[in-house]
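Heads up, the thing below is written out as structure tokens.
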Amino acid sequence: MSGARPAWRAAALTALTWVLVLLTTFPLLWMLLTSLKPQTELFALPPTFLPESISFAPYLRLLFDTPFPRYFANSIVLATATTLLVVAIGAIGAHSLLRFSYRGREALATLVLATYLLPSVVLIVPLYLMMVEIGLANRLASLIIAYTSFALPYALWLLRSFMAAIPEEMEAAARVDGASRIGAFVDIILPQALPGIGATALFTFILAWNDYLYALVLVNTDTARPLTTGVVTMFVTTFNVEWSMLMAASVLMSIPPIILFTFFHHQLSRSIGAAGVRS
Amino acid sequence: MAALLRLRPATSPQALARRDALLGLLLIAPTVLILSAVIAYPLATTAYLSLHNVYTPTLATEWAGLSNYRAILSGGTFWHALATTLVWTIGTLALQLLFGVAMALLLNRNIRLRALARSLVLFPYFLATVVAVLVWRWLLNGLFGVVDHALIALGLIDTPVDWLGTMPNAMATTIVIGAWKFFPFVVIAVLARLQTVPAHLYEAARLDGAGSWARFTDITLPHLSGVLGLVALLRMIWDFREFDLIYLLTGGGPLDHTRTLPLVVYQQAFGLNQMGMAAAYAVLMMLLVLAMTIPYLARARGRR
């Protein structure tokens, strides 16, 4: 009797958990299923759950008849460049904030953290004016610069918390053996901070890949448009909304974040945990 | 000569320390440079612009003093948008916390395929808002949307619901979709904290005859209070400033019933071509966010 009730309850709670997990992921499953249905099947009443006939036509149309591939390439360039910049600048900056002593260091660290909470819409007007002035509006470079500065504060904070866990003695030992400060940083600190760098890279890439507002304001030409605004443009400019194709675009657009997530999600969970628990 | 050299080493400790500090400053210089150029300078420009009338297409600028602020604070738009922003923020935040904590507690138990369940739940958070909005618009489509059909099949409604075109539906729908998109952040943070609660506390409470609810209120909740406070604060600030989701989902409509402050800033600058007004709205919004940020910074400082 006493053993039966917990077992029954455990099974019920497990079932409840999975029902909620599946409900949460249902919209994304529906996106995938819709993208594989031919356009005519979308109008079946009531809707079919699994596609009656699987069709890759939406994907082919997307890849060969629309500017989607160019948007995709733009987003890849944009997110990769931003990630490289943020990791490079963030790693040396975090090292400086952690292991060097100079006046104003702590104040600087707090100030950097404060910028992370700044609403990005507050900067939209002057940034637009600035990019127009220096001739970077409508170029990918404007977005790379903007996203770098948005991702940098959190990246610094994250890298600092990972680097703080590396024993100071390791660097000291390398110095005794004759390594310069920079040498010790490259040979000792960087390899140890690799999980933190992975988490930072993932976070930055996703931020640059997913942003809509800045892409909307700073870029208004198809040659430099990233995926987010590009796909929305396709959505609002077509007279008959082709939902299969839009869902196919959504699926393709989700693949890079999902790949990165699969590789790095342990670090990412740790880092969000770090933001919530440690900092 | 040799004695002198021994007395005065080539590099004194002070000189070394100074060189060290210089290298430290050199390493932080790129950060300072880019944050000054892309955040500090634009911030100052926002404050400057808010005191001017600026016509977007020509960028013609004239001094306006505090008239932008006067117009904003005496007009109805700001207060309406502020109320809308608060309804959205509080509504979606409450759902995120509730669902996030419940899901974290469920996922902290030993269930089948726990690692898979934990990964799946995080998906909405990592996918682009554009993707989330397109998918939900399709799910809620008036003619062929699967949500309406499911609800009709269950007998809950008779005819399709206008989810985004009328009030209060539009606000409720936006709040729920926002909760769906952002609750995984709460799950991650709470799960990370739950794993550090010592298991022997639960064992001891169980031996003392505490039921599951008592164990939750006496052990779990006190351990979570710290992380929950921080997560709530962060999410509150992020929800308050959210643009992408609301703009893409409703565009602020119907009429201006879901037009939150960030949307007003955008509309003023690029819809109404009033950059000075937009800047003044932005300054007011920033002051509100600043007020929310102070406890967070105080706390971050306290923990270091």
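The values are calculated or read from the model by the stated rules, or taken from the named source; none is laboratory data. Just so you know, these numbers come straight off a predicted model, no measurement behind them. When we count neighbours, we look across all protein chains shown, and the Cβ atoms used for this are built from the backbone with ideal geometry, even at glycine.
What to note about this one:
- Taken over the range B:249-269, the residue count meeting the criterion of being outside any loop (DSSP other than H, G, I, E, B), in contact with a helix residue (DSSP H, G or I) (Cβ under 7 Å, 6 or more places away or on another chain) and either surrounded by fewer than 21 Cβ atoms within 10 Å (Cβ to Cβ) or more than 7 Å from chain A (Cβ to nearest Cβ) (or both) is 5.
- One residue stands out among those in the range A:148-167 that are closer than 17 Å to A:GLU106 by Cα and aromatic (Phe, Trp, Tyr): the one that is nearest to the chain's Cα centre (by Cα), which is A:TYR154.
- Just one of the listed residues (A:THR221, A:THR200) is of a type in the set (Val, Ile, Thr), surrounded by 19 or more Cβ atoms within 10 Å (Cβ to Cβ) and either closer than 23 Å to B:VAL38 by Cα or at the interface with chain B (Cβ under 10 Å from one of its Cβ atoms) (or both), namely A:THR200.
- Residue pairs meeting the criteria (Cβ under 9 Å; at least 6 apart or on separate chains; first under 16 Å from B:THR173 (Cβ atoms), in the range B:78-104; second of a type in the set (Gly, Ala, Ser) and not in a helix (DSSP H, G or I)): B:THR84/B:GLY252
- Here A:THR48 passes the criteria (1) assigned by TED's automatic domain parsing to the domain that holds A:TYR147; (2) touching an Asp or Glu at 6+ places or on another chain (Cβ under 7 Å) except the one numbered (1).
- When the range B:88-134 is filtered for residues that are surrounded by fewer than 17 Cβ atoms within 10 Å (Cβ to Cβ) and within 15 Å of the chain's Cα centre (by Cα), the ones remaining, listed by number, are B:ILE90, B:ALA94.
- Filter result (surrounded by fewer than 17 Cβ atoms within 10 Å (Cβ to Cβ) and farther than 20 Å from B:PHE243 by Cα) within the range B:66-87: B:LEU66, B:SER67, B:ARG70, B:ALA71, B:LEU73, B:SER74, B:GLY75, B:GLY76
- Against the criterion of being surrounded by fewer than 17 Cβ atoms within 10 Å (Cβ to Cβ) and either in contact (Cβ under 8 Å) with a residue 12 or more places away in the chain or over 20 Å from the mean Cα position of the chain (by Cα) (or both), A:VAL121 does not qualify.
- Counted residues, the range A:201-243 - those being in contact (Cβ under 8 Å) with a residue 24 or more places away in the chain, within 17 Å of A:LEU63 (Cα to Cα) and not in a helix (DSSP H, G or I): 5
- When residues in the range A:174-196 are screened for being free of Cβ contacts under 8 Å to residues at least 12 places away in the same chain and in a helix (DSSP H, G or I), 8 of them pass.
- Scanning the range A:115-138 for residues that are away from chain B (no Cβ under 11 Å) and either of a type in the set (A, V, I, L, M, F, W, C) or under 22 Å from A:ALA79 (Cβ atoms) (or both) turns up A:LEU136, A:ALA137, A:ASN138.
- Residue match in the range A:177-190 (condition: surrounded by 23 or more Cβ atoms within 10 Å (Cβ to Cβ) and of a type in the set (Ser, Thr, Tyr)): no
- Inside the range A:63-89, residues that are among the charged types (D, E, K, R) and touching a residue at least 24 places away in the same chain (Cβ under 8 Å) make up a count of 1.
- Helices (runs of 4 or more DSSP H) contained in the range A:1-100 and holding at least 1 residues surrounded by fewer than 21 Cβ atoms within 10 Å (Cβ to Cβ) and facing chain B (nearest Cβ under 10 Å): A:4-35, A:39-42, A:68-99
- Helices (runs of 4 or more DSSP H) contained entirely in the range B:165-236, each with at least 3 residues that are under 21 Å from A:TYR116 (Cβ atoms) and touching a residue at least 12 places away in the same chain (Cβ under 8 Å): B:169-194
- Test for A:ALA141: is it more than 10 Å from every other protein chain (Cβ to nearest Cβ) and under 30 Å from A:ASN74 (Cα atoms): yes
- B:ARG112 vs. criteria touching a residue at least 24 places away in the same chain (Cβ under 8 Å) and more than 18 Å from B:LEU249 (Cα to Cα): no
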